[in-house]
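Chemist: What follows is a single structure, and I will ask about it in a moment.
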Amino acid sequence: MSRRTAVRTGSHSGGRAWLRPARRGAAALAATGLVGLMAIGTAGPAAAATATPIQHLVVIFQENVSFDHYFGTYPKAANTDGQTFNAKADTPKVNGLTQDLLTHNPNSVQPQRLGPDKAFTCDQDHEYGDEQKAFNGGKMDQFVEHTDVPTCTGGLYGRNGLVMDYYDGNTTTGMWNYAQRFAMSDNSFGTTFGPSTPGAINLISGQTHGAVAQDKTGKPSDPAGVVVSPDAKGVGTVIDDPDPAFDDCSNPTKAGSLLAMQGKNIGDLLSEKKVSWGFFQGGFKPTSTKADGTAVCGSAHKNLLGANVSDYSPHHQPFEYYKSTSNQHHVAPSSASAIGHDDQANHQYDISDFDTALQNDNLPAVSYLKAAKYQDGHAGYSDPLDEQQFVVDTINKLQKSKDWASTAVVIEYDDSDGWYDHVPGPIKNSSHDKNEDALTAPGVCGDGKEAGGYLDRCGYGPRLPLLVISPYAKSNFVDHTVTDQTSTLRFIEDNWKTGDIGDHSFDELAGKLDNMFDFEHPNNATLILDKVTGQPTPTTPSSSATPSSGATPSTTGTATASGNGDQLANTGANVQVVALVAGALVVLGGGAVFVARRRAASRG
């Protein structure tokens, strides 16, 4: 029996399904004084039927962070530097870095806190096999020996044992504030071990097998560095970071090879169901086009350290590995109204096109967002402070949009960068490749029961952060459900009834995100943060904002979060909650908010 039988059969467009705020009577809302909080329907094509109230899913897919690296001491911050973070007294604890793990860690070097002055660090080793060696059969005690990169150039911070180190809410302030107000998981994992490309492909298909090496003309080429364990036809698995075959801006390996993926991805399934979708990435827009139509990706930005960083990374764009969903020449959409729909851009866009869609009331049902490299959080060229600016700016815009009432944002990561995390994930799929797999004990990675017989898909891999931000997200909630990168894939399949990927995709095994939502009790209050400090600011909704009806906003000067998601988190700053009551703009709580901006000492 397919796991699809477990999906709710009710549609959000009819039947029992879930309580839809827009269908609550005006009289019932008038009794609460919240007439102005009714959700207003959008113009244009009818939205596809959904199994939940979520009609818009935005996946912010960031780079290279383990759970302990960002949330290991949550909710307790040192408050010795950076932005002060004071959690609510009833904030649930996470499976994080205990005092024993901080002072008597089984690794050869003890973890140290990284303050905002150490936001820029060396990139760590996150190869497929090396991460398995660091796990050491689940003992989690060989990170320094196998994934530590203690020194590097460019003025980046490093030390012996850097791989063990972690940030807290004085640096990752915005992320911790989102965790206070919305829902987070402390039990979510990379689908497999390895770097960015496997993580990105798992996000959209759950299937890193089906990899083929080819040159820029499309002919078969040397699989080295592109495909491992190829069969007689050259079809194998990807565990490295080769660039996609269907992208003008890709750089072939020294042997001239690029990666092409076979099979289907979620984009194919969404298109078959006529559901709007898109992948939006910084730097995708060409800076020029050659005479033959070849795109040139030359845009760049300076990060807060002052380093010039190219915007676009081809191997961070998973849909470009599949011919069916690629936009090889980076062609722009024909119009704002075409974004998300079948068009010359084929659902692949520049990050600026997401803003265009949002401003033109054309938010796709499913959107994947990838920041330009300087803001994607990847150690070596990005950092938590640059990342915070992108994430906060994006979520602020969404909360002020008319679609917020039916939107969920998922923040997740492509891999751990090799950073230490003390929790070994359950091995859901084995592999016994003697050349690549290091966890080869029976029952770990090497029991010889690989799904489909496909090697080099050992997983789950390292534990990664996962947050859900939505009016329907539980508030100040930590979920312990075992999930992985394909849990988001499964949510999309279930919500828009697309069917499965098939061919032994990890979506068949994925835990559900459902426990992070409360679809019966939506929370109207938004959390607008300052993108520099990560601290709450007074909310000023746009005229088009239509938060969902349900819970009553706080009427106190300082809003606090409760387990049922009725109010905002108190994170050390007063927050003004704004509601539309009987058509009038009312500010609930009069405390002024004074936010001290972090001075970026490293800004060039």
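Chemist: Which residue, of Val391, Val423, is within 30 Å of Asn523 (Cβ to Cβ) and touching a helix residue (DSSP H, G or I) at 6+ places or on another chain (Cβ under 7 Å)? Before the answer, list the steps.
Modeler: Details: Val423 fails: touching a helix residue (DSSP H, G or I) at 6+ places or on another chain (Cβ under 7 Å).
Result of the check over Val391, Val423: Val391.
Chemist: Right, something else. Among the residues of the stretch 278-321, what is the count of those that are touching a Pro at 6+ places or on another chain (Cβ under 7 Å) and farther than 19 Å from Gly199 by Cβ?
Modeler: Number of matching residues: 4.
Chemist: Filter the stretch 391-403 down to residues that are under 12 Å from the mean Cα position of the chain (by Cα) and part of a loop (DSSP other than H, G, I, E, B), then give me how many there are.
Modeler: Within the stretch 391-403, the first condition is being under 12 Å from the mean Cα position of the chain (by Cα), and the residues that meet it are 391.
Filter once more, keeping what is part of a loop (DSSP other than H, G, I, E, B): none.
So the answer is 0.
Chemist: Could you please tell me which pairs satisfy a Cβ distance under 6 Å, a separation of 6+ or placement on different chains, a first residue in the stretch 363-377 that is within 20 Å of Glu493 (Cβ to Cβ), and a second residue that is crowded, with 24+ Cβ neighbours inside 10 Å and at pLDDT below 95?
Modeler: Qualifying pairs under 6 Å: none.
Chemist: Still on this structure, I have one more. Given the conditions (1) in a loop (DSSP other than H, G, I, E, B); (2) surrounded by fewer than 24 Cβ atoms within 10 Å (Cβ to Cβ), report the number of the one that Asp268 does not fulfil.
Modeler: Against the list (1) in a loop (DSSP other than H, G, I, E, B); (2) surrounded by fewer than 24 Cβ atoms within 10 Å (Cβ to Cβ), Asp268 comes up short only on (1).
Chemist: Can you find a residue that is within 26 Å of Pro364 (Cα to Cα), at pLDDT 95 or above, outside the structural domain of Lys216 (by the TED database) and outside any loop (DSSP other than H, G, I, E, B) anywhere in the stretch 288-300?
Modeler: Here is the first cut: in the stretch 288-300, the residues within 26 Å of Pro364 (Cα to Cα) are 295, 297, 299.
So of that shortlist, the ones also at pLDDT 95 or above come out as 295, 297, 299.
Remaining after also requiring outside the structural domain of Lys216 (by the TED database): 295, 297, 299.
Of the ones still in play, those that are also outside any loop (DSSP other than H, G, I, E, B) are 295.
Yes, because at least one residue in the stretch 288-300 is within 26 Å of Pro364 (Cα to Cα), at pLDDT 95 or above, outside the structural domain of Lys216 (by the TED database) and outside any loop (DSSP other than H, G, I, E, B).
Chemist: If I go through the stretch 277-288 residue by residue, how many of them are among the small types (Gly, Ala, Ser) and over 19 Å from the mean Cα position of the chain (by Cα)? Lay out the reasoning, then the answer.
Modeler: Going through the stretch 277-288, the residues among the small types (Gly, Ala, Ser) turn out to be 278, 282-283, 288.
Then drop every residue that is not over 19 Å from the mean Cα position of the chain (by Cα), which leaves 288.
Result for the stretch 277-288: 1.
Chemist: Is there any pair with a first residue in the stretch 165-192 that is in contact (Cβ under 8 Å) with a residue 60 or more places away in the chain and farther than 12 Å from Ala78 by Cα and a second that is part of a loop (DSSP other than H, G, I, E, B) and charged (D, E, K, R) whose Cβ atoms are under 6 Å apart and which are 6 or more apart or on different chains, and what are they?
Modeler: Ala183/Lys474; Gly190/Asp415; Thr192/Arg457
Chemist: A follow-up question, please. For the stretch 326-363, what are the residues that are within 22 Å of Ser288 (Cβ to Cβ) and among the aliphatic types (A, V, I, L, M)?
Modeler: Selection gives Val331, Ala332, Ala345, Ile351.
Chemist: If you check Thr50 against the conditions, is it within 30 Å of Asp514 (Cα to Cα) and not assigned by the TED database to the domain that holds Val163? Full working, then the answer.
Modeler: On the way: within 30 Å of Asp514 (Cα to Cα): yes; not assigned by the TED database to the domain that holds Val163: yes.
Yes; evaluated as a whole, the condition is true for this residue.
Chemist: Looking for whichever is of a type in the set (Asp, Glu) and within 16 Å of Thr237 (Cα to Cα) here; the options are Asp456, Asp447. Which one fits? Reasoning before the result, please.
Modeler: Details: Asp447 fails: within 16 Å of Thr237 (Cα to Cα).
Going through Asp456, Asp447 in turn, the sole match is Asp456.
Here's the yes/no breakdown for (1) assigned to a strand (DSSP E or B); (2) in contact (Cβ under 8 Å) with a residue 24 or more places away in the chain; (3) within 28 Å of Ala510 (Cβ to Cβ); (4) not β-branched (Val, Ile, Thr):
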| site | (1), (2), (3), (4) |
| --- | --- |
| Ala379 | no, yes, yes, yes |
| Ala405 | no, yes, yes, yes |
| Gly418 | no, yes, yes, yes |
| His422 | no, yes, yes, yes |
| His432 | no, no, yes, yes |
| Glu436 | no, yes, yes, yes |
| Thr440 | no, no, yes, no |
| Gly443 | no, no, yes, yes |
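Chemist: If you check every pair at least six apart or on different chains, which have Cβ atoms under 6 Å apart with a residue in the stretch 116-141 that is touching a residue at least 12 places away in the same chain (Cβ under 8 Å) first and a residue that is among the aromatic types (Phe, Trp, Tyr) and outside any loop (DSSP other than H, G, I, E, B) second?
Modeler: Cβ pairs passing all conditions: Lys118/Tyr157; Thr121/Tyr157; Ala134/Phe143.
Chemist: All but one of (1) over 26 Å from His378 (Cβ atoms); (2) in a strand (DSSP E or B) hold for Gly218; state the number of the condition that does not hold.
Modeler: Evaluating Gly218 over (1) over 26 Å from His378 (Cβ atoms); (2) in a strand (DSSP E or B) leaves (2) as the failure.
Chemist: Is it the case that some residue within the stretch 454-464 is in contact with a helix residue (DSSP H, G or I) (Cβ under 8 Å, 6 or more places away or on another chain), over 25 Å from Val94 (Cβ atoms) and surrounded by fewer than 24 Cβ atoms within 10 Å (Cβ to Cβ)?
Modeler: No, because not a single residue in the stretch 454-464 is in contact with a helix residue (DSSP H, G or I) (Cβ under 8 Å, 6 or more places away or on another chain), over 25 Å from Val94 (Cβ atoms) and surrounded by fewer than 24 Cβ atoms within 10 Å (Cβ to Cβ).
Chemist: Taking the stretch 260-284, which residues are within 23 Å of Asp376 (Cβ to Cβ), hydrophobic (A, V, I, L, M, F, W, C) and touching a strand residue (DSSP E or B) at 6+ places or on another chain (Cβ under 6 Å)? First the steps, then the outcome.
Modeler: Here is the first cut: in the stretch 260-284, the ones within 23 Å of Asp376 (Cβ to Cβ) are 261, 265-267, 277-284.
The next check asks that each one be hydrophobic (A, V, I, L, M, F, W, C); those that pass are 261, 266, 277, 279-280, 284.
Of everything in the stretch 260-284, those that are within 23 Å of Asp376 (Cβ to Cβ), hydrophobic (A, V, I, L, M, F, W, C) and touching a strand residue (DSSP E or B) at 6+ places or on another chain (Cβ under 6 Å) turn out to be Met261, Trp277, Phe279, Phe280, Phe284.
Chemist: A further question follows. Take the residues of the stretch 230-251 that are surrounded by fewer than 19 Cβ atoms within 10 Å (Cβ to Cβ) and of a type in the set (Gly, Ala, Ser): which is nearest to the chain's Cα centre (by Cα)?
Modeler: Gly234
Chemist: Further, regarding this structure: Select from the stretch 343-371 the residues that are in contact with a helix residue (DSSP H, G or I) (Cβ under 7 Å, 6 or more places away or on another chain) and part of a loop (DSSP other than H, G, I, E, B) and write down the one among them that is surrounded by the fewest Cβ atoms within 10 Å (Cβ to Cβ).
Modeler: Among those residues, the one meeting the criterion is Asn360.
Matching residues to (1) outside any helix (DSSP H, G or I); (2) under 25 Å from Lys76 (Cα atoms); (3) not assigned by the TED database to the domain that holds Thr84:
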{"residue": "Asp100", "(1), (2), (3)": "no, yes, no"}
{"residue": "Asp117", "(1), (2), (3)": "no, yes, no"}
{"residue": "Asp123", "(1), (2), (3)": "yes, no, no"}
{"residue": "His126", "(1), (2), (3)": "yes, no, no"}
{"residue": "Glu131", "(1), (2), (3)": "no, no, no"}
{"residue": "Cys152", "(1), (2), (3)": "yes, no, no"}
{"residue": "Asn160", "(1), (2), (3)": "yes, no, no"}
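Chemist: Restricting attention to the stretch 351-373, which residues are under 16 Å from the mean Cα position of the chain (by Cα) and not hydrophobic (A, V, I, L, M, F, W, C)?
Modeler: Of everything in the stretch 351-373, those that are under 16 Å from the mean Cα position of the chain (by Cα) and not hydrophobic (A, V, I, L, M, F, W, C) turn out to be Ser367, Tyr368, Lys370, Lys373.
Chemist: Shifting gears a bit: What about Gly511, is it among the small types (Gly, Ala, Ser) and surrounded by 24 or more Cβ atoms within 10 Å (Cβ to Cβ)? Walk me through how you get there before you give the answer.
Modeler: Values: among the small types (Gly, Ala, Ser): yes; surrounded by 24 or more Cβ atoms within 10 Å (Cβ to Cβ): no.
No; evaluated as a whole, the condition is false for this residue.
Chemist: Is it fair to say Ser416 is among the hydroxyl-bearing types (Ser, Thr, Tyr), over 24 Å from Pro522 (Cα atoms) and surrounded by 22 or more Cβ atoms within 10 Å (Cβ to Cβ)? Explain how you work it out, then say what you get.
Modeler: Working: among the hydroxyl-bearing types (Ser, Thr, Tyr): yes; over 24 Å from Pro522 (Cα atoms): yes; surrounded by 22 or more Cβ atoms within 10 Å (Cβ to Cβ): yes.
Yes, satisfied.
Chemist: Working carefully through the options Ala183, Ala232, Ala200, Ala179, find the one that is hydrophobic (A, V, I, L, M, F, W, C), modelled with pLDDT of 95 or more and touching a His at 6+ places or on another chain (Cβ under 7 Å). Steps first, please.
Modeler: Details: Ala183 fails: touching a His at 6+ places or on another chain (Cβ under 7 Å); Ala232 fails: touching a His at 6+ places or on another chain (Cβ under 7 Å); Ala179 fails: touching a His at 6+ places or on another chain (Cβ under 7 Å).
Every option except Ala200 fails the conditions.
Chemist: With respect to Asp81, is the statement that it is over 18 Å from Gln388 (Cα atoms) and of a type in the set (Asp, Glu) true?
Modeler: Details: over 18 Å from Gln388 (Cα atoms): no; of a type in the set (Asp, Glu): yes.
Answer is no for this residue.
Chemist: Give me the residue from the stretch 90-115 that is free of Cβ contacts under 8 Å to residues at least 40 places away in the same chain and of a type in the set (Ser, Thr, Tyr) and, out of that set, farthest from Cys458 (Cα to Cα).
Modeler: Taking the stretch 90-115 first, the residues free of Cβ contacts under 8 Å to residues at least 40 places away in the same chain are 98-100, 102-104, 106.
Cutting the leftovers down to of a type in the set (Ser, Thr, Tyr) gives us 98, 103.
Details: Thr98: 28, Thr103: 31 Å.
If we take residues in the stretch 90-115 being free of Cβ contacts under 8 Å to residues at least 40 places away in the same chain and of a type in the set (Ser, Thr, Tyr), then Thr103 is farthest from Cys458 (Cα to Cα).
Chemist: When you scan the stretch 427-442, how many residues do you find that are touching a strand residue (DSSP E or B) at 6+ places or on another chain (Cβ under 8 Å) and closer than 13 Å to Phe193 by Cα? Quick ask: steps written out before the conclusion?
Modeler: Narrowing the stretch 427-442 to residues touching a strand residue (DSSP E or B) at 6+ places or on another chain (Cβ under 8 Å): 427-429, 433, 435-436.
After this cut, where a residue has to be closer than 13 Å to Phe193 by Cα as well, the list is 427-429, 436.
Count: 4.
Chemist: Further, regarding this structure: Of the conditions (1) crowded, with 24+ Cβ neighbours inside 10 Å; (2) assigned to a loop (DSSP other than H, G, I, E, B), Gln388 satisfies every one except a single condition; which number is it?
Modeler: For Gln388, the exception is condition (2).
The values are calculated or read from the model by the stated rules, or taken from the named source; none is laboratory data. Keep in mind the model is a prediction, meaning the values are calculated, not measured. We place every Cβ from the backbone using ideal geometry, glycine too, and count neighbours over all the protein chains shown.
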